[in-house]
């Protein structure tokens, strides 16, 4: 046991020098909420929806590992181009809810969407006091579309 | 009866009276020093521990069962969360196993990006150890200093993948090539963003600096040495017997590093040393991890120069069906050897996924190493083994 | 002046001084400690500097419910914080902050200090025992063992100072440090005891003082995993505040004793006699502040020692060193 605490304690004092130096330097603290942290463009903050582009193909809801996307749609008959022509049907989106209390932020839905309807946005200030309020509908998801940034330039 | 026998009998009688039964102490699941919800049922005699039984399972999330009903792409997203400190390193052996079954190989650039991200996560995981281990021993400042530096690494990872802890960046056949599946998003590549190399080199300089700071604050500190030198010695043969791996094994004298043994990523094109020490006590395990941070910094500096241009993923069908077969693939996680045993019956989902997690095997040595130790040493030894409960319980 | 009026004024003044010093110490620990950890500490309570944080904490504690465990011994449980607080505050009755700024000029000043401050061990035992909690009892006993072990080096270090000064009165010790040692070109030089052979003693005293305070690196009784807060587990509200304030007050108190014994107290070289009563408190508290800062600095840099290493350090290392120190000082005193 006697070799445990050894003379002459130089290591201890060097450590004290480091803490003193840290004390006199400015602390690297971001004073949230007065100053905001700007996340990088690719940050996975929230998923936003472009309702015009969605064709209710249900791929995102199927591929989600948590099954947190709830989609309901119906088919509407379109007015034919020529009178007596074939009636085409178009899918209309009734309900597109993402339950952010289940969402894993994995991004599979964004990746599989074949119609460029889902986008990642670095927005992170959407917390709610009640967990049930974390189910966001397509209006709210469409609002976040404005916060989607340009993809960053690539490394040469 | 001879006088000798009488003396012996009286001694026996006295010692039976003075014998106190061992107290059973429950170092319960909610505890600041166990890394998560680990329960240790310890029989203590005063301050000495006579027997320890770890009780695990408080964090069982059922990964292996979940994997039976998920496709390979979905499993990749789940699997990040097993050892949540080293997120990317959990995906790598899984994807490599699937690629082996499908008999495809990822392009060069994808392999290099995997290497870079693996090493970044190795630094991140060892930094978490650096911050939490002195905290358990009582020093409160390394925690804040080290986590401040770790932010730079996490920012780098976020810049590439979008997530700080759970990157979800591996795909079968490479890494994530573009933003999405639609015509516009397919044109936006997920390659390394501009300024990545410069930021990485700056971050590596900071890592060198924080390693020197930790040396000053922790390594040279005589009190830390008094708490960790010759505490919890695990000899090399016992380590192999109990299935230890990673820095724990290398600190006991066995210089076994899967990065050199199995070339699962282009580690043969970078120069680095396998750090090993002969002591096997807590101080050696700590030093091995500290030196491994320096080696990872060396690897990253070389990788940035070597990384070639090229595609990020080979062409794979959208609905992935893996041929029939079984494979065991393993990789060097920051905490040790991490492996997956994948049994595929030819469908979209694996028939069985068995996860060989590092911390589960590292934990099996606890009953042996904690015998006859003092309770404060229990904290020091458990901290030095560096296990994460998510890894133990899956 | 009327004896009772004088007593009342001195008591009130002393309480004000001590409590203000404790609050300032708490604030320094929060703020300076945070900056050492590369973060800012209190920020919102009281402007940008957070100076009102200790007051806010105190107010929060005051409005808590007065509860005690059902099986606890109410009388002992209630008195334990008072015993600790009293023994801490009584130290300041004899510490001089100027040649006449002292509550009582006892001839046995040093003896009184050591005797009174060791009463806090009793308070801790009372707290641990009366909490009706197995773990509090173990914590209390462990803390008592540690405190008793470190009383001895503390006392022996003070004995060395008393030998060198030739008197036990604290005023006398300060004046002994003002005695001229040698003259350089007509200027009389006097040195505090720290620089005239008491450096080992100072080291022993500071180590023993940090251990008496149960601070890192000697806070195993409080930080022990299964003991939560040791003997303090069952205390909340005003009683906890008294323990808490008592700890910081004894930090100031032990630093004040160290200043008086080793650093020259309220005296500074080249100060004219008439100014000593004015400038005395300022000089005194500057020196105390330096020592308190060092104690806080140590807390945020070093880890904690294991219980048996702690005891080993006291019995096998500090006490022989303290005895050696006394011998050395005595020899020098007689020879020179």
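Just so you know, all these numbers are worked out from the coordinates, no wet-lab data involved. Note that the structure is a prediction, hence the values are computed from the model and not measured. For neighbour counting, all protein chains shown are included, and Cβ atoms are generated from backbone atoms with ideal geometry for every residue, glycine included.
Numerical summary
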| item | result |
| --- | --- |
| Degrees between helix B:87-102 axis and first principal axis of chain B (Cα, 0 to 90, nearest 10) | 60 |
| C-alpha center-to-center spacing [segment C:239-282, segment C:85-158] in angstrom | 17 |
| Descending principal axes extents, the protein assembly as shown, alpha-carbon based, whole Å | 119, 83, 65 |
| Most fluctuating residue given options C:105, C:31, C:64, as computed from a GNM of chain C linking Cα atoms under 10 Å | C:64 |
| Alpha carbon centroid spacing (whole Å) that separates segment B:274-351 from segment A:94-121 | 29 |
| Residue B:103-residue A:9 FRET efficiency (beta carbon distance; Förster radius 60 Å; 0.05 resolution) | 0.45 |
| Semi-axes of the equivalent ellipsoid for segment A:46-147, Cα gyration tensor, largest first, Å | 29, 13, 13 |
| Cα-based convex hull volume of segment C:12-131 per residue, rounded to whole Å³ | 169 |
| Cα-based helix-to-principal-axis angle, B:3-18 vs chain B, degrees rounded to 10 | 50 |
| Nearest 10 degrees, 0 to 90: helix A:10-24 Cα axis against chain A principal axis | 50 |
| For chain B, radius of gyration divided by Kirkwood radius, i.e. Rg to Rh on alpha-carbons | 1.05 |
| Projected label distance in nm at residue C:279 and residue A:133, using a 7 Å step from Cα toward the beta-carbon | 6.3 |
| Gaussian network model of chain C, Cα within-10 Å springs - most flexible of C:163, C:292, C:252 | C:163 |
| GNM top mover of A:79, A:56, A:110 - chain A, alpha-carbon springs below 10 Å | A:79 |
| Exposure proxy ranking, count of Cβ atoms within 10 Å, fewest first, for C:82, A:67 | A:67, C:82 |
| Ellipticity estimate at 222 nm from DSSP helix runs (n ≥ 4, -39,500 (n - 2.57)) divided over the protein assembly as shown, nearest 500 | -15000 deg cm²/dmol |
| Descending Cα extents along the principal axes, segment B:216-337, whole Å | 58, 36, 22 |
| Segment C:217-336 shape via C-alpha gyration tensor axes, a/c threshold 1.5 | oblate |
| Sequence of C:308, B:281, C:66 once ranked by neighbouring C-beta atoms within 10 Å, starting from the fewest | C:66, C:308, B:281 |
| Taking C:218, A:9 and counting other C-beta atoms within 10 Å, the order from fewest to most | A:9, C:218 |
| Extension gain, residue C:65 back to residue C:118 (0.36 nm per residue minus Cα-Cα distance, nm) | 16.0 nm |
